[in-house]
Amino acid sequence: MDSELTHSAQDYLEAIFLLADRQGLTRVKEVADRLDVKKPSVVSAIKALQKKGLVVHQHYGCLELTSEGEELAKDIHRRHQVLFRFLHHILGVKAETAETDACRLEHHISPQTLALLIKFVEFTETYPERDKTPKWLDSFQRFAATGEAPPCLDRASGECRCK
């Protein structure tokens, strides 16, 4: 179903989910403020989401995701978070840029690529050296920042073989 939704509709679902998760309930004005759009745009989007059975909205009342809407919103948000973590924590993209890029990418990434990115991010986050940046990732980040070739590391020991 989420492939049937426009990028904008996906953004509205995610915004409602995040606001409701943080505050319990949310209103049109809060969604408009979060997405930096006018209230009539939110009302129009909500009507379309209601027709798809994803949102419940009482006139001038709170917005509530249906169970299907909530599942879709969780999936959209999960994609966003994985992409943000990959861009920011692994590649070292500045947080603000990573946030913007994750929002753009979340609408276009294939399920196969996303599944592998999730595994890659989880792998790096559960790497045995969790308390510090793994040496290979530190070498990559140094290379990305400076262009310096990484040291010749022995994969087994993590020691430099160039000495």
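Near F86, once Lys and Arg are set to +1 and Asp and Glu to -1 for all other residues with Cβ below 15 Å from its Cβ, the sum equals +1. With a ≥ b ≥ c the root eigenvalues of the C-alpha gyration tensor of the range 66-111, is it rounded (a/c under 1.5), prolate (a/b larger than b/c) or oblate? The shape class here is prolate.
Potential lengthening of the chain between A115 and S8 amounts to 36.2 nm, from the contour at 0.36 nm per residue minus the alpha-carbon distance. Values [x] 11, 43, 38, 8, 0; [y] 9, 31, 27, 17, 10, 5, 1, 0; [z] 9, 36, 34, 17, 3, 0 are given for comparison; P(r) over Cα pairs in 10 Å bins from 0, in percent, derived from the coordinates here, is the one labelled [y]. Sequence-distant contacts, meaning Cα pairs under 8 Å at least 6 residues apart, place the relative contact order of the range 2-72 at 32 percent.
Pairs of Cα atoms nearer than 8 Å and 6+ residues apart set the relative contact order; for the chain it is 15 percent. Rounded, prolate or oblate: which fits the range 2-72 when a ≥ b ≥ c are the square roots of the eigenvalues of the alpha-carbon gyration tensor, with rounded for a/c under 1.5 and prolate only if a/b beats b/c? Since a/c stays below 1.5, the shape of the range 2-72 is classed as rounded. Listed by chain and number, the lysines whose C-alpha is less than 30 Å from the C-alpha of K29, apart from same-chain residues fewer than 8 away, are K38, K39, K47, K51, K52, K74, K94.
In what sequence do T113, T146, T66 fall when counting other Cβ within 10 Å, fewest first?
T146, T113, T66
The 3J(HN,Hα) values that the Karplus relation (6.51, -1.76, 1.60; θ = phi - 60°) gives for the range 58-63 are, in residue order, 7, 3, 6, x, 6, 9 Hz. Gly and Pro appear as x.
I need Y12, Y127 ordered by Cβ neighbour count within 10 Å, fewest first. Could the numbers behind the result be given before it?
On the way: Y12 29, Y127 14.
Exposure proxy ranking, most exposed first: Y127, Y12.
With the cut-off at under 12 Å, measuring from each backbone N in the range 16-51 to a point 7 Å along the Cα-to-Cβ line of E68 picks out 49-51.
Based on Cβ point charges of +1 for Lys and Arg and -1 for Asp and Glu, what charge dipole magnitude is obtained for the chain about its Cα centre, in debye rounded to the nearest 20?
It comes to approximately 200 debye.
Going by neighbour counts of Cβ atoms within 10 Å, the residues D36, D101, D11 line up, fewest first, as D36, D101, D11.
If the chain between Q23 and A149 were fully stretched, how many nm would it gain, using 0.36 nm times the residue separation less the Cα-Cα distance?
40.6 nm
Computed from the coordinates by the stated procedures, all read-outs in this text should not be read as laboratory data. These numbers were taken from a predicted model, which means no experiment stands behind them. Positions of Cβ are generated from backbone atoms using ideal geometry, with glycine treated the same way; all protein chains shown enter the neighbour counts.
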